[in-house]
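Peer 1: The structure is given below, and queries will be raised subsequently.
The values are calculated or read from the model by the stated rules, or taken from the named source; none is laboratory data. Bear in mind that the values here come from a model prediction, so they are computed numbers and not experimental data. Methodologically, a virtual Cβ is constructed for each residue, glycine included, from the backbone with ideal geometry; neighbour enumeration extends over all protein chains shown. The area values use the complete protein model at the heavy-atom level, side chains included, leaving out ligands, DNA and RNA. Shrake-Rupley method; radii C 1.70, N 1.55, O 1.52, S 1.80 Å.
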Amino acid sequence: MRGLKSLTAVADWQSWAVFRRNALVFLRHWRTAVIPPAMEPVIFFVAFGLGFSGYIETLEYRGVDINYATYVAAGLVAYTGFGTPYYEALYSAYFRMFYQKTWDGILATQVELPSVVWGEILWGAVRGMVNISIVSVVIAVFDLIGLVDVKAEFLILMPFLGFIAGCAFASFALIFTAIVPAIDHMNYPVFLIGWPLSLVSNTFFPVEPQSPALQALMQINPVYQLAETARGFLVLGDPGPHLLGLLGSTTLFLIPCTLLSVRLTRRRVLGD
Amino acid sequence: MTTAILEARGLTKSYADKIVVDRLDLSCRRGTVLGLLGPNGAGKTTTLRMLYGFVPPDAGSIHYAGKRFDEDRTEAKRSIGVCTQGDSLDYDFTVAQNLLIYASYFRPRVENLEGRVAELLDRFDLAEYADASPHVLSGGFVRRLLIARSIVHRPSVLFLDEPTTGLDPSARLDVWELIDSMRAEGLAIVLTTHYMDEAERLSDELLVIHEGRKVAQGEPHRVIDTVLGDHVIIVPRGEPAREEIAAWLQARGAEQVATVLGELRVPVTKQDLVELTARFTEATWQVRPPNLDDLFIALARRKGRFR
Ligand SMILES: Nc1ncnc2c1ncn2[C@@H]1O[C@H](COP(=O)(O)OP(=O)(O)OP(=O)(O)O)[C@@H](O)[C@H]1O
Ligand SMILES: [Mg+2]
């Protein structure tokens, strides 16, 4: 019962009030919030995509030959779509929760704990949309000058795909936010989970595991599904089965992660 | 006498097998202040947190305006204001924005919000800091902002958790004035404090708790009377008959013989005083009415005995 309420809280005005709060903070200092993180994928793109292009000329993608930079372009959408909400939920939420005690104030209003968690999830996902939009602009420019070859009209979809998967990534991160004993321990979810996950998901290179177990694991990995959906759209104009895969794997992540993060946060913040 | 807007019965809360609040009853009427008094760790914050819905009680019931709190928490919370013990301001926003953002956590929306915020900034002397970050505020002004924020949505019940702790004497008096004016406007206020004078002066009713349990309850001076009696005598450290007086009083059943910096403080009855005067004709001492300091010292002494 309480579990169901935690999930349906996404539709409550309270969740959107918390979301709005986070969005307003972002808008207050959007310059510092946008420019540095937007540079990261650009640097990756130049370093990996264009750097390796000299060594790896073409790659076969679902029967089509594409250059490596084009492969990486879609990978960057997934890399950004994962990293932005994941790190936002890890760090920003941690600061709001424990250092600033902002949540203690918010929870003394009509806003209940599941809404605070949803506010963070939704905001993380929208933050992902913002960064993906910037990455998409960069890709469009590279497409224009011929460094990559994508179906640019599909770039418009990228932020929305990112939003869907971003909800899963943010809710996943909030589990760690609720359990890390101190900020230094953030290194665990960052380096042991964040980094490997953003690399083995067909972002910068194709991963083709032989074992069926690993293959199945790939299918339920939303980062992989996001990369392949983005790539399907950008290269062929058709995501194939991956759009469904993205929706499925996101749901598979989002529901248990949200339930768990609400529960763990409740324990942490309310001592309950 | 109007009926209570807040009514709680049998409130109980444990953390890891330790009972922190134990079957507490309390109520508060409009336009009155209920002072919740107790030493550190007595369970004041936990009691407040249950009342405003931050933590669920293990047992007991809470009613607001006759309605069960857990029946429609969201509706009940619309009329509750909270000033937390710790600083829970939103440091991502300016002083004025803190009020605006806080109001956004309530529905129905606050009427004429801009006007309300301007009014509060003015009334709490925060206008000159309106566009500054709360980081620049001194402790006293942080507290003002926390209190202003807690009433931005025009609640009818207000919880103030140690509103004056850490403030200098003049800032404390300012907060007292604010609390008094909010009471005059008809708010029902529940306030926690360890300051005796504060509880005595601000509260219409006092609830003294110790280790989660009620020790005394009622009008402030009555509470002191019940727990301590009529007078307190103070025997200075230089008085030669000091030990003798202490022994005599103890033999008469005076329980709470306290020594503070070498001077003896003992709550006594009128009868005690008469006999004491007759018996120790040479000795000198002072007599004063008991205050809540005496009560706290007495409570601290009891602690050992309960264990
Ligand atoms: N979340 C929690 N988990 C475990 N123990 C807790 C929790 N919150 C409070 N306690 C314990 O409950 C007891 C009462 O705490 P509470 O904060 O209610 O006291 P208080 O009267 O407000 O004290 P103070 O005057 O120091 O603010 C303390 O022993 C405290 O350690
Ligand atoms: Mg307290």
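Peer 1: Scan the range B:104-124 for residues that are open to solvent by 70 Å² or more (accessible area, probe 1.4 Å) and among the basic types (Lys, Arg) and report the count.
Peer 2: Qualifying residue count, the range B:104-124: 1.
Peer 1: Those residues that are of a type outside the set (A, V, I, L, M, F, W, C) and crowded, with 22+ Cβ neighbours inside 10 Å, I need them from the range B:91-103; list them, please.
Peer 2: B:92, B:98, B:102
Peer 1: Against the definition (out of contact with any Gly (no Cβ under 7 Å at 6 or more places or on another chain) and either away from ligand 2 (no atom under 16 Å from the Cβ) or away from every other protein chain (no Cβ under 14 Å) (or both)), how does residue B:135 come out, yes or no?
Peer 2: yes
Peer 1: Another question, then. Filtering the range A:64-89 down to residues that are over 20 Å from residue A:44 (Cβ atoms) and in contact with a helix residue (DSSP H, G or I) (Cβ under 9 Å, 6 or more places away or on another chain), which residue is farthest from the other protein chains (Cβ to nearest Cβ)?
Peer 2: Restricting to residues being over 20 Å from residue A:44 (Cβ atoms) and in contact with a helix residue (DSSP H, G or I) (Cβ under 9 Å, 6 or more places away or on another chain), the top hit is A:64.
Peer 1: Then there is this: Please pick out the residue among B:32, B:47, B:3, B:12 that is within 16 Å of ligand 2 (Cβ to nearest atom), among the polar types (S, T, N, Q) and more than 14 Å from chain A (Cβ to nearest Cβ).
Peer 2: Result: B:47 is the single residue among B:32, B:47, B:3, B:12 that is within 16 Å of ligand 2 (Cβ to nearest atom), among the polar types (S, T, N, Q) and more than 14 Å from chain A (Cβ to nearest Cβ).
Peer 1: Condition test on residue B:44, is it basic (Lys, Arg), within 14 Å of ligand 1 (Cβ to nearest atom) and under 21 Å from the mean Cα position of the chain (by Cα)?
Peer 2: For residue B:44, the condition - basic (Lys, Arg), within 14 Å of ligand 1 (Cβ to nearest atom) and under 21 Å from the mean Cα position of the chain (by Cα) - is met.
Peer 1: Kindly provide the set of residues from the range B:78-131 that are at positive phi and of a type in the set (Asp, Glu), ordered by number.
Peer 2: Hit for the range B:78-131 is B:125, nothing else.
Peer 1: Can we say residue B:258 is modelled with pLDDT under 90 and open to solvent by less than 20 Å² (accessible area, probe 1.4 Å)?
Peer 2: yes
Peer 1: What residue, of A:174, A:161, is over 21 Å from residue A:256 (Cβ atoms), buried (at least 20 other Cβ atoms within 10 Å of the Cβ) and among the aliphatic types (A, V, I, L, M)?
Peer 2: The conditions single out A:161.
Peer 1: Further question on the same structure: Can you tell which of B:65, B:118, B:76 is modelled with pLDDT of 95 or more and farther than 23 Å from residue A:111 by Cα?
Peer 2: So the residue among B:65, B:118, B:76 that is modelled with pLDDT of 95 or more and farther than 23 Å from residue A:111 by Cα is B:118.
Peer 1: Can you go through B:37, B:24 and tell me which one is modelled with pLDDT under 95 and more than 7 Å from ligand 1 (Cβ to nearest atom)?
Peer 2: Answer to the selection: B:37.
Peer 1: Can you name the number of the only condition in (1) touching a Gly at 6+ places or on another chain (Cβ under 9 Å); (2) within 16 Å of ligand 1 (Cβ to nearest atom) that residue B:157 fails?
Peer 2: So the condition that residue B:157 fails would be (2).
So that you can scan it fast, the table gives a plain yes or no per residue for (1) closer than 29 Å to residue B:156 by Cβ; (2) within 14 Å of another protein chain (Cβ to nearest Cβ); (3) within 16 Å of ligand 2 (Cβ to nearest atom); (4) open to solvent by 20 Å² or more (accessible area, probe 1.4 Å):
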| residue | (1), (2), (3), (4) |
| --- | --- |
| B:189 | yes, no, no, no |
| B:194 | yes, no, yes, yes |
| B:198 | yes, no, yes, no |
| B:206 | yes, no, no, no |
| B:211 | no, no, yes, yes |
| B:216 | yes, no, no, no |
| B:222 | yes, no, no, yes |
| B:229 | no, no, no, no |
| B:234 | no, no, no, no |
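Peer 1: Restricted to the range B:51-68, and to residues that are within 11 Å of chain A (Cβ to nearest Cβ) and free of Cβ contacts under 8 Å to residues at least 40 places away in the same chain, which residue is farthest from the chain's Cα centre (by Cα)?
Peer 2: That would be B:56.
Peer 1: Might you check whether a residue that is assigned to a strand (DSSP E or B), away from ligand 2 (no atom under 16 Å from the Cβ) and in contact with a Lys or Arg (Cβ under 7 Å, 6 or more places away or on another chain) occurs anywhere in the range B:74-85?
Peer 2: No, there is no match, as no residue in the range B:74-85 is assigned to a strand (DSSP E or B), away from ligand 2 (no atom under 16 Å from the Cβ) and in contact with a Lys or Arg (Cβ under 7 Å, 6 or more places away or on another chain).
Peer 1: Now a separate question. Which of the residues that make up the range A:2-16 are within 14 Å of chain B (Cβ to nearest Cβ) and under 18 Å from residue A:272 (Cα atoms)?
Peer 2: Within the range A:2-16, A:2, A:5 meet the criteria.
Peer 1: Scan the range B:194-208 for residues that are within 16 Å of ligand 1 (Cβ to nearest atom), farther than 14 Å from residue B:162 by Cβ and out of contact with any helix residue (DSSP H, G or I) (no Cβ under 7 Å at 6 or more places or on another chain) and report the count.
Peer 2: Residues in the range B:194-208 being within 16 Å of ligand 1 (Cβ to nearest atom), farther than 14 Å from residue B:162 by Cβ and out of contact with any helix residue (DSSP H, G or I) (no Cβ under 7 Å at 6 or more places or on another chain): 1 in total.
Peer 1: Right, another one. When the range B:97-130 is examined, which residues are found to be hydroxyl-bearing (Ser, Thr, Tyr) and within 14 Å of chain A (Cβ to nearest Cβ)?
Peer 2: Selection gives B:102, B:104, B:105.
Peer 1: Name the one entry in A:134, A:179 that is within 27 Å of residue A:272 (Cβ to Cβ), open to solvent by 10 Å² or more (accessible area, probe 1.4 Å) and more than 14 Å from every other protein chain (Cβ to nearest Cβ).
Peer 2: Of the residues listed, the single one that is within 27 Å of residue A:272 (Cβ to Cβ), open to solvent by 10 Å² or more (accessible area, probe 1.4 Å) and more than 14 Å from every other protein chain (Cβ to nearest Cβ) is A:179.
Peer 1: Follow-up. State which residue is modelled with the highest pLDDT when the search covers only the range A:30-47 and only residues that are within 14 Å of chain B (Cβ to nearest Cβ) and within 18 Å of residue A:129 (Cβ to Cβ).
Peer 2: Going through the qualifying residues, I end up with A:30.
Peer 1: Residue by residue through the range A:56-110, note down the ones that are aliphatic (A, V, I, L, M) and in a helix (DSSP H, G or I).
Peer 2: A:69, A:72, A:73, A:74, A:76, A:77, A:78, A:89, A:90, A:93, A:97, A:106
Peer 1: Let me ask something else about it. Answer yes if at least one residue in the range B:69-78 is touching a residue at least 12 places away in the same chain (Cβ under 8 Å), within 16 Å of ligand 1 (Cβ to nearest atom), open to solvent by less than 10 Å² (accessible area, probe 1.4 Å) and in the same structural domain as residue B:198 (by TED's automatic domain parsing), and no otherwise.
Peer 2: no
Peer 1: Further, regarding this structure: Here are some residues: B:91, B:52. Which one is assigned by TED's automatic domain parsing to the domain that holds residue B:129, under 30 Å from residue A:19 (Cα atoms) and within 16 Å of ligand 1 (Cβ to nearest atom)?
Peer 2: Every option except B:52 fails the conditions.
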